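Asker: Structure in structure tokens, see below.
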Amino acid sequence: MDQIRVRGGRPLRGTIPISGAKNAALPLMAASLLAGAPVRLTNVPDLADIASMTSLLRQHGVRIDRDASDMTLDAARIDSTTAPYDLVRKMRASVLVLGPLVARFGEAKVSLPGGCAIGNRPVDLHLKGLADLGAEVKIEAGYVEAKAPKSRLRGGRVTFPFVSVGATENLLMAATLAEGETVLVNAAREPEIVDLAKLLTAMGAEIEGAGTDTIHIQGKLELGGADHRVVADRIETGTYAMAAAIAGGDVILADTELVLIDAAAEILRQAGVTIEAVEGGIRVARGKDPVLGVDMMTEPYPGFPTDLQAQFMTLMAVSRGASMITETIFENRFMHVPELSRMGANINVHHASAMVRGVERLKGAQVMATDLRASVSLVLAGLAAEGETVVNRIYHLDRGYEDLVGKLSACGADVARVVADRVAAEE
Ligand code: UD1
């Protein structure tokens, strides 16, 4: 199995191009199911999760052509409204086909995603929301079966008891083809929701309030094709901002915007990192002094994103001072802690909080992680560690970071992907 090897101690200098957002592209691709005409997406990242969504949509009958970062999806003819277990289990976001399928075809059968490394992650809010729009929803043999009476959902009021990005997306898509008005109350406000609403609007949907906690949708009889550019990946942006803060140096993050990572940027500033908007992107710099310890709590957007928590913890592990990091979105999202500790970090976890006491230097080690963001936090730790860090199970990284090794190396990091054969030969 491939590994990533990092030798620490080199500052980052140069420009890192930021890709389109995985978490925006996945719902945008699912939205193509709502129309009988082609949807063209540009700035689509090349990632394993995008390939998983491509396989799933093709299985439904969607014709998908991809040329570099351009993708055209044509759902004129659908063969099946069933999303099978062997495709859904690879990626939880597969559940995003549920809303569009029921909305356009009046029925869908989608496998439940099953277990997940970062806690229990149920889909009850998605199902309850569809029921609020008139669908009959039942669970049979591990599958969600949803049917709209007389083949069309009807608009309604959906109040989410807490904020869910995926449930907001599923219901937003479903409501575009429902009869009458739908109101989503306590909706997620993430930039990925705004991006989805932009595409849907270009397809002919009538949506007001995306990006706020109340979204109004007037249902249409049908939607059409559209062209849309995927928003920049704010988690990739934040990850490389943390990388520059951890390794030191001065980098430009290109093709992205500071507003996408406001909360993280503010915390980085408090820690002593320079972070500012520049033409076409963001500049991040840290000089010789270590960063300061700052407390942080994850929250739904516009708060600090849970998907940057592990990377921030790595930064705090080499800070001068201490930091209390509290995870409020997911249970069991501290899997990187034992691995960081093996590298010499001083971290104590108590329930949903981690007390991180900064150490002067981490030490390279063999590490592995069980989810995407935890894995990248270990690569970042390697940038600041003495000696060599070997990160195993890097297929997680391929799910969400396009050309991670290339982007870091181009800024002077000593990092390489070692293919299985060479690993075997060397060890
Ligand atoms: C999305 C992102 C993920 C990010 C997360 C939170 C994608 C593909 N993934 O995941 O990277 O970490 O937002 O920003 O966009 N919950 C329920 N019932 C539900 C739905 C959610 O209990 O029906 C809970 C979850 O277990 C979690 C919380 O709600 O504790 C938030 O989850 P949610 O916002 O839905 O995350 P995802 O959309 O799965």
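The values are calculated or read from the model by the stated rules, or taken from the named source; none is laboratory data. Please read these numbers as outputs of a predicted model, since none were measured by experiment. Don't worry about glycine lacking a Cβ; one is built from the backbone with ideal geometry, like all the others, and counts go over all protein chains shown.
Asker: Based on what the data block shows, is residue 102 surrounded by 23 or more Cβ atoms within 10 Å (Cβ to Cβ), more than 16 Å from the ligand (Cβ to nearest atom) and in contact (Cβ under 8 Å) with a residue 12 or more places away in the chain?
Answerer: no
Asker: Further question: Hey, could you check the range 79-99 for residues that are in contact with a helix residue (DSSP H, G or I) (Cβ under 6 Å, 6 or more places away or on another chain) and among the polar types (S, T, N, Q) and say which is nearest to the ligand (Cβ to nearest atom)?
Answerer: 94
Asker: Here's another thing I want to ask about it. For residues that are among the hydroxyl-bearing types (Ser, Thr, Tyr), part of a loop (DSSP other than H, G, I, E, B) and within 15 Å of residue 95 (Cα to Cα), tally how many sit in the range 129-185.
Answerer: 1
Asker: Let me ask you something else. Tally up the residues in the range 167-192 that are crowded, with 23+ Cβ neighbours inside 10 Å and within 16 Å of the ligand (Cβ to nearest atom), please.
Answerer: 13
Asker: Shifting gears a bit: Got at least one residue in the range 13-31 being in a strand (DSSP E or B) and within 16 Å of residue 192 (Cβ to Cβ)?
Answerer: yes
Asker: Residue check: is residue 168 without any contact (Cβ under 8 Å) to a residue 40 or more places away in the chain and of a type in the set (S, T, N, Q)?
Answerer: No: the conditions fail for residue 168.
Asker: Which ones in the range 35-50 are small (Gly, Ala, Ser) and either part of a loop (DSSP other than H, G, I, E, B) or in contact with a Gly (Cβ under 6 Å, 6 or more places away or on another chain) (or both)?
Answerer: 35, 36, 37
Asker: Of the numbered conditions (1) outside any loop (DSSP other than H, G, I, E, B); (2) under 21 Å from residue 94 (Cβ atoms), residue 188 satisfies every one except a single condition; which is it?
Answerer: (1)
Asker: Next up: Which residues, counting only those in the range 328-373, are surrounded by 15 or more Cβ atoms within 10 Å (Cβ to Cβ), among the charged types (D, E, K, R) and under 25 Å from the mean Cα position of the chain (by Cα)?
Answerer: The answer is 333, 339, 371, 373.
Asker: Would you be able to say whether some residue in the range 291-309 is polar (S, T, N, Q) and crowded, with 23+ Cβ neighbours inside 10 Å?
Answerer: Yes.
Asker: Give, as residue ranges, the strands (runs of 3 or more DSSP E) completely inside the range 267-336 that count at least 3 residues that are under 21 Å from residue 373 (Cα atoms) and at pLDDT 95 or above.
Answerer: Fully inside the range 267-336 and qualifying: 322-326.
Asker: Suppose we filter the range 351-372 for residues that are at pLDDT below 95, within 23 Å of residue 297 (Cβ to Cβ) and either of a type in the set (D, E, K, R) or not in a loop (DSSP other than H, G, I, E, B) (or both); how many remain?
Answerer: 2
Table: residues versus (1) closer than 11 Å to residue 4 by Cα; (2) touching a His at 6+ places or on another chain (Cβ under 6 Å); (3) modelled with pLDDT of 95 or more; (4) not in a helix (DSSP H, G or I).
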{"position": "374", "(1), (2), (3), (4)": "no, yes, no, no"}
{"position": "382", "(1), (2), (3), (4)": "yes, no, yes, no"}
{"position": "398", "(1), (2), (3), (4)": "no, no, no, no"}
{"position": "422", "(1), (2), (3), (4)": "no, no, no, no"}
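Asker: Which residues, taken from the range 191-219, are out of contact with any strand residue (DSSP E or B) (no Cβ under 7 Å at 6 or more places or on another chain) and not in a strand (DSSP E or B)?
Answerer: 191, 192, 195, 196, 211, 213
Asker: Right, here's the next one. How about the range 55-78: which of its residues are in a helix (DSSP H, G or I) and either under 19 Å from residue 171 (Cα atoms) or more than 15 Å from the ligand (Cβ to nearest atom) (or both)?
Answerer: 55, 57, 58, 59, 60
Asker: For the range 287-311, which positions are farther than 21 Å from residue 335 by Cα, of a type in the set (A, V, I, L, M, F, W, C) and within 15 Å of the ligand (Cβ to nearest atom)?
Answerer: Of everything in the range 287-311, nothing turns out to be farther than 21 Å from residue 335 by Cα, of a type in the set (A, V, I, L, M, F, W, C) and within 15 Å of the ligand (Cβ to nearest atom).
Asker: Right, next: Filter the range 172-217 down to the residues that are more than 25 Å from residue 43 (Cα to Cα) and in contact (Cβ under 8 Å) with a residue 60 or more places away in the chain and list them by number.
Answerer: Passing the criteria: 175, 177, 178, 217.
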